[in-house]
Amino acid sequence: MRMTPECVPCLIRRVLFEAEEVDDRTSVKAVKNASKMLGELFNNDCCSADVATQVHRETYKILRSKDPYARLKKRSNDVALDIYPSAERFVKRSKDPLRDAFLCAVVGNVLDFGIGTGFDDPEMLRKQFKGLLQEGLGHDDTPRIKRLLKKAETVVYLGDNCGEIVLDRLALKELKKSDVHLTLVVKEDAILTDATRKDIEGLGMENIVDEIVEAPGFAVGIDLDSIRGKFGKLLEDADLIVAKGMANFESLSETDLAPIAYLLRTKCSPVANAMGLKKDINAVKLFEKGVRR
C-alpha cells in the first residue's frame, strides 16, 4: 500500500507509545529521530509497511529493547484466553461456523497499541468483545472463500498480533475441516505486538495446524525481500493465503500474490480506502488477483 500523509502522525503516535512503555525518558529522542526519518522517507511512491519497518528498527535501537511490547503481548494473550471459551461457544452454536470463526478472529484485531484507533488496553477487548461480535462482518467474502476451499490443498495463515492469535485458533480449526495442509506463519523477530513462536507457546497451535513457519526478518507485515526466497515460494504455492491485520495488507498489496483473504478491522482510513471498504468495520475481504495499491 502506498503511504499517505495520514500515516505519518500514526507512526509518530506509535513511536511515542512504545517509548513510554519502555522508558519515557527516551520519548523525545525517539520521536525526534522518527520525525527526521519520516521527513526523509515519506513520498507518494513508498510502501507504508516498509517505512514503518525502518522507523521501528531505529526506534528499538534508541530504546535498547528487542521487544518493547513484551508485557502487553502477555497481557493480551491472557485476556484473550479468558474470552476464548465464550468465543468457542459462539462458533459452536453458529449456523455458519467458518464465518463466525473469522468474525471472532477479526474482533481480536482491534488490539492495536498506540495508533489512536485501536484498543491500547487489552482489558478493552474483554469489555467490548460481545458488542463487536454483534456488529457482525461489515464486509463478508466467506462464501467465495468456501468455494476456493473446496478445491484447495494448501492454505497458509499469516498471524498478526498477540491476543488475537488466541482467537485465531477458532478460524484455524474451521479451516482445517476442509482437509487442507494448513500452515501457520508467525514472526521470526519480535516487532510491535506481532506473535512470535515464543508468544504462542502453550496455545496448542501444533495440535491444530500441520506446520508452523516463521516469517523471516524484522518487518511490519511481511518483509518483501523474503518473497524472493523459500518463504516466498511457500506463499506462491498456496492455494489460499489468509492474512490477518492491516500490516499484512499494507505489505502484500505490493505483490501479485493471490488469492489472499484479508481478515481485519479497518482501523484507519488509508487502509480502508485502499481496500475499497468503510472505516471501522469487521472485514473478510478476498482478492483473487494480485492487487497493487
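In the chain, the longest principal axis of the Cα atoms and the axis of helix 123-135 are about 50 degrees apart. In degrees, nearest 10, range 0 to 90: what is the angle between the Cα axis of helix 164-176 and the longest Cα principal axis of the chain? Roughly 30 degrees between the two axes. Dividing the summed helix terms, -39500 (n - 2.57) for each DSSP H run of n ≥ 4, by the number of residues in the chain produces a 222 nm estimate of -15000 deg cm²/dmol to the nearest 500.
For the range 1-98, a/c is not less than 1.5, where a ≥ b ≥ c are the root eigenvalues of the C-alpha gyration tensor, and a/b does not top b/c. That puts it in the oblate class. Is the range 48-113 best put as rounded, prolate or oblate by its Cα gyration tensor, with a ≥ b ≥ c the root eigenvalues, rounded for a/c under 1.5, and otherwise prolate when a/b is larger than b/c, oblate when not? Cα axes put the range 48-113 in the oblate bin. The magnitude of the dipole of the chain, with charges of +1 and -1 set on the Cβ of Lys/Arg and Asp/Glu and taken from the Cα centre, is near 560 debye. Scaled to the globular estimate 2.2 N^0.38 Å, the Cα spread of the range 70-287, given as radius of gyration, is 0.91.
The ellipsoid equivalent to the alpha-carbon distribution of the range 120-235 has semi-axes of 23, 21, 14 angstrom, derived from the gyration tensor eigenvalues as √(5λ) and listed largest first.
Ranked by the mean number of other Cβ atoms within 10 Å of their residues, highest first, the peptides 168-175, 76-83 come out as 168-175, 76-83.
Each of 149, 41 was scored by other Cβ atoms within 10 Å of its Cβ. Listed from fewest to most, they are 41, 149. Ratio of Rg to Rh for the range 7-63: 0.96 [Cα atoms; Kirkwood radius as inverse mean 1/r over pairs].
Counting other Cβ atoms within 10 Å as a rough exposure proxy, the listed residues 231, 17, 218 run 218, 17, 231 from fewest neighbours to most. In order along the range 20-37, the Karplus-derived 3J(HN,Hα) couplings, from 6.51 cos²θ - 1.76 cosθ + 1.60 at θ = phi - 60°, round to 5, 5, 8, 6, 5, 5, 8, 4, 4, 4, 5, 5, 4, 5, 4, 5, 4, 4 Hz, and Gly and Pro are given as x. Label points 7 Å out from Cα along the Cβ direction at residue 28 and residue 13: separation in nm? Inter-label distance under the simple model: 2.4 nm.
Would you mind ranking 189, 112 so that the residue whose beta carbon has the fewest other beta carbons within 10 Å leads the list? Starting with the residue having the fewest Cβ neighbours, the order is 189, 112. Projected onto their three principal axes, the Cα atoms of the range 46-156 cover extents of 50, 34, 24 Å, largest first. Here the label points at residue 154 and residue 94, each 7 Å from Cα along the C-beta direction, are separated by 2.7 nm in the simple model.
Taking a ≥ b ≥ c as the square roots of the eigenvalues of the Cα gyration tensor of the range 215-262, is the shape rounded (a/c under 1.5), prolate (a/b larger than b/c) or oblate? Oblate shape, in that a/c is at least 1.5 and b/c is the bigger or equal ratio.
Phi angles across the range 48-58 convert, under the Karplus curve 6.51 cos²θ - 1.76 cosθ + 1.60 with θ = phi - 60°, into 3J(HN,Hα) values of 4, 5, 5, 5, 4, 4, 5, 5, 5, 4, 6 Hz, Gly and Pro given as x. In the chain, the DSSP beta bridges split such that about 25 percent are antiparallel, to the nearest 5.
Rank-order 18-26, 199-207 by packing density, defined as the average count of other C-beta atoms within 10 Å over each peptide's residues, highest first.
Values: 18-26: 17.1, 199-207: 14.4.
Descending packing order for the listed peptides: 18-26, 199-207.
Since every read-out is calculated from the coordinates, none of them should be taken as a lab result. Worth saying up front: this structure is predicted, and the values here are computed from it rather than measured. Don't worry about glycine lacking a Cβ; one is built from the backbone with ideal geometry, like all the others, and counts go over all protein chains shown.
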